[in-house]
Every structure is written in structure tokens, then in C-alpha cells.
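This report concerns only the one structure given below.
The values are calculated or read from the model by the stated rules, or taken from the named source; none is laboratory data. Keep in mind it's a predicted model, so treat the numbers as computed, not measured. Glycine also receives a Cβ, built like all others from the backbone with ideal geometry; neighbour counts cover every protein chain displayed. Each accessible area value is taken on the protein alone, full model and side chains, heavy atoms only, with ligands, DNA and RNA left out. Shrake-Rupley method; radii C 1.70, N 1.55, O 1.52, S 1.80 Å.
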Amino acid sequence: MDILIFTYSITRTAGGVLDAVRDLFTNKAFNSQKLEVLSYKEDDMNDDLSSWKDLTLKLVSPRIFLYSKEAKEYLLGSKAELLHMEALWRYPHLLMTTWRKKQKKPIVCSPHGMLDPYIIKSQGVAKRIIAKIFFQKGLEAVTCYHALCHKEMEDIRAYGLKQPIAIIPNGINLPDGNIVFAKPDNKKHLLYLGRLHKKKGVDILLEAVALIKNENPELFSQWHIDLVGWDHENCERHLRDIVDTNNLHNFVTFHGGLFGEDKIRMYATSDAYILPSHGEGLPMTILEAWSWKLPVLMTEQCNIPEGFEANAAIRIDDNIKSVKNGIISLMQMSDAERRAIGNCGYELVKRQFTWEASAKKMIELYEWIITGKNKPEFVYE
């Protein structure tokens with residue numbers, strides 16, 4: 001098969017979407033397929049180019065909102081049998097209509113959580129009207145949507161889209177078990193890693209930490225909170241205000257965005273992971289935390305119910321009181337209890353969330369769409 005993948009970024013600026021797209025299509029299961037990735041040139045992209053291995057990359061120069069005449073011309077001249085669009089709501093989204101009209105070939109679209117009702121609602125009325133005017137035709141041009149979980153499938157349906165939906169989860173590359181890093185101090189560390197954005201509930205996390213500091217200050221003689229991530233929509237300023245107001249400087253550290261070995265070191269030297277998110281597709285960071293055998297605190301909106309079923313996660317709600325209680329529960333556990341939860345997470349990702357399994361399902365999906373034969377059991381109409 002000849003597949004063209006259009007992704008908004010091939011660098012770490014894409015956050016978890018980078019890992020999800022790159023690690024899927026560089027999996028050995030795709031070795032017998034012809035794949036090409038269309039994306040954009042970026043500053044400082046050389047650090048990430050090698051991670052795409054032998055995949056063919058066609059990079060074009062972006063203008064405002066990722067507009068690119070070159071990208072449009074390349075799409076129209078492509079001999080690919082199928083276009084796979086990664087993410088929504090910017091200029092490439094509009095080209096799905098062009099592809100269907102001119103190429104008359106199918107499209108698979110992976111929204112990566114961008115049809116989450118929380119995101120749609122937070123756009124405001126004006127943006128929602130603009131989306132209906134300019135982006136609706138692109139959404140309707142899609143042949144089949146790719147959802148990461150059942151909740152994302154429900155979100156796609158709730159937006160009014162009626163095309164078939166394939167549920168194929170993200171996967172994970174298990175870390176080298178021989179990697180060892182020295183801990184930075186003698187405390188235990190609770191890690192948050194991801195964008196610093198209100199959607200992720202990082203402000204709720206800090207407000208909960210402030211309450212614990214006042215009500216159970218003895219816990220922070222043993223624990224420290226690490227925030228790893230890059231600022232999005234000036235959220236970091238608000239978070240630092242919470243730290244300043246509640247005098248949390250001795251309990252919380254902002255590390256900025258970390259990648260490569262620096263990111264690995266944070267997982268390897270942490271004792272637990274937390275994601276108090278208001279809404280996700282399928283968060284890569286939780287799978288990564290489990291791959292490092294970390295116990296996880298997460299909300300139902302993280303959309304990995306298997307984590308609760310496998311006793312790999314502590315359930316929290318996306319409010320301050322629940323996050324506070326969840327953190328206290330974690331901190332008061334014995335080391336053995338926390339290790340048991342983390343081991344359950346490791347076994348879960350090893351059993352259900354590998355990139356090879358996801359890649360084989362994606363190939364099966366492509367074959368069905370292109371030939372019309374042998375509809376996969378994970379496709380819902």
C-alpha cells in the first residue's frame with residue numbers, strides 16, 4: 001500500500017502527538033508498506049529528524065495558520081492510495097476537502113482528542129461558528145475516523161459525524177530495564193509531565209498541594225512535586241501565581257519542557273505520576289508512566305478505564321478536593337503498595353498497549369478502506 005501521512009509537526013513541539021504518530025509509523029510492522037510523511041519545516045528540527053528513522057519526509061515551509069501552497073500542490077500530485085490526516089482545526093484540515101474532490105481517494109483522520117467536548121466548549125461561540133463555516137466540509141470528507149478509545153468514538157459521534165470509526169489505541173515502547181539514574185535527593189517524587197494548560201488540571205493539582213501543605217504538612221517532609229512541560233496559552237504564569245500565593249516554592253519545582261534523556265530521567269527517578277485532566281484522547285504520558293512501573297493518579301476523563309480495572313491507577317475526579325484526597329492516599333501508602341500498583345500498570349501496557357499491535361490494526365484498517373474487503377472487528381458504523 002502507498003500511504004501519505006499529513007501531520008502538523010515532526011518535532012517535540014507536537015507533544016504527545018509526536019510520539020503517537022512517529023512511534024506508530026516507524027514500527028517494523030510497516031516495513032513492507034510504502035509510507036511518506038508530509039509536514040512542516042521548523043526551527044531546531046534537526047534534533048528530532050533522526051527519530052523518524054528511514055521514513056520518507058516531505059517538509060514544506062509554513063505561513064500563518066500553517067498555510068502552504070506547496071503542501072496543497074504536493075497533495076494534488078501525490079500517487080498515494082490513501083491520505084491519513086493527523087489532528088484538526090488548522091490549514092491542513094481544509095485540504096481534506098481538496099483531496100477528496102481532486103484525488104477522489106479515501107481519508108483516515110486521527111483527531112487526537114481534538115473533538116473532545118471540553119475543547120469544543122472552550123473555543124467559545126465565535127470559534128465554533130468559524131469551525132462550522134470553514135472546517136465542516138473537511139470533517140465530512142473523511143472516509144473513516146480513528147479513535148484512540150471508546151470515549152473518543154463517542155465524542156466524534158456527539159459532534160454529529162456519522163462515518164465509520166476505528167478504535168485503535170496508542171502504544172508504548174517499553175524502556176530498557178537496565179537504565180538507572182541516581183535520585184536527586186532522599187525524597188519521593190510525584191511527577192506531572194505534559195503541557196502546562198488548564199485542560200490538564202495542573203492548576204487543580206497545585207491548589208490541592210496547597211491544601212495538603214496546610215492540613216497535612218508532615219507529608220511534604222517525604223514528598224516533592226515535579227512539573228515538567230512547556231507553557232501553553234500563558235498557563236504557567238497562573239500556575240506560578242498559585243505557587244507564590246500559597247508559598248509552595250519548597251514543595252514544587254517547574255522543570256520546563258524536557259525531552260530525550262532528560263525526560264527519561266524524570267520518569268526513572270519518580271515514584272508516582274498524576275494527570276488530573278478534564279479531558280484526553282488517550283494520554284501517552286500515562287502509558288509511559290506505567291512502562292516505568294509508576295503508580296498513577298488519573299481522572300476518568302483520561303479515558304483508560306483498563307487502568308482502574310487492572311488496579312494500575314488511583315481514581316481521582318477533576319476537582320481540588322478529590323485530587324487532594326488522592327494524593328494523600330498515595331503518600332500514605334507503603335512502598336510495597338505503591339510498587340504493586342506500578343507493576344500492574346507495567347503488565348497492562350506490556351499486554352495491551354504495544355506499537356506493533358496498533359500498527360497491525362492500522363494496516364488492517366487501510367486494507368479494508370482501499371479494497372472494501374474484510375471489515376475489521378474494531379471498526380464501528
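Of note:
- Calculated mean residue ellipticity, 222 nm, the chain: -12000 deg cm²/dmol, from DSSP H runs (n ≥ 4) at -39500 (n - 2.57) each, averaged per residue and rounded to 500.
- In the chain, the longest principal axis of the Cα atoms and the axis of helix 202-215 are about 10 degrees apart.
- With all protein chains modelled, accessible area of residue 265 [1.4 Å, Å²]: 80
- Cα convex hull of segment 187-238 - mean projected area over all directions, nm²: 3.6
- Taking only Cα atoms of segment 1-128, radius of gyration then Dmax in Å: 14.8, 46
- Accessible surface computed residue by residue for the chain, with neighbouring protein chains in place and a 1.4 Å probe, gives 46 Å² per residue.
- Counting only protein heavy atoms and using a 1.4 Å probe, the accessible area of residue 317 comes to about 80 Å².
- The 1.4 Å probe gives accessible areas that order 36, 364, 300, largest first, as 300, 364, 36.
- Diagonalising the gyration tensor over the Cα atoms of segment 297-381 and scaling each eigenvalue by 5 before taking the square root yields semi-axes of 37, 16, 7 Å, largest first.
- For residue 334, solvent-accessible area (1.4 Å; no DNA, RNA or ligand), Å²: 50
- Solvent exposure ordering (accessible area, 1.4 Å, most first) of 134, 65: 65, 134
- For segment 229-381, the Stokes-Einstein estimate of translational diffusion at 37 °C and a viscosity of 0.692 mPa s comes to 185 µm²/s, using the Kirkwood hydrodynamic radius over alpha-carbon pairs.
- Projected label distance in nm at residue 180 and residue 70, using a 7 Å step from Cα toward the beta-carbon: 4.9
- Rh (Kirkwood; distinct C-alpha pairs) - the chain, Å: 21.8
- When only alpha carbons are used to place a centre, segment 218-269 and segment 1-61 end up 30 Å from one another.
- Heavy-atom surface analysis with a 1.4 Å probe gives the chain a carbon and sulfur content of 49 percent of its accessible area.
- Value of Rg/Rh across segment 1-68 [Cα atoms, Kirkwood radius]: 0.95
- Net charge contributed by nearby residues that have their C-beta within less than 15 Å of residue 234 (K/R +1, D/E -1): +1
- Cα pair count fraction exceeding 18 Å, expressed as % - segment 191-305: 49
- Reciprocal mean inverse distance between Cα atoms of segment 224-292 - Kirkwood radius, Å: 13.5
- By the Stokes-Einstein formula, at 1.306 mPa s and 10 °C, segment 140-264 with its Kirkwood radius over alpha-carbon pairs has D equal to 90 µm²/s.
- Each of residue 317 and residue 218 was given a label point 7 Å from its Cα along the Cα-to-Cβ line. The distance between the two points is 2.9 nm.
- Given charges at beta-carbon only (K, R positive; D, E negative), |dipole| of segment 180-276 in Debye: 220
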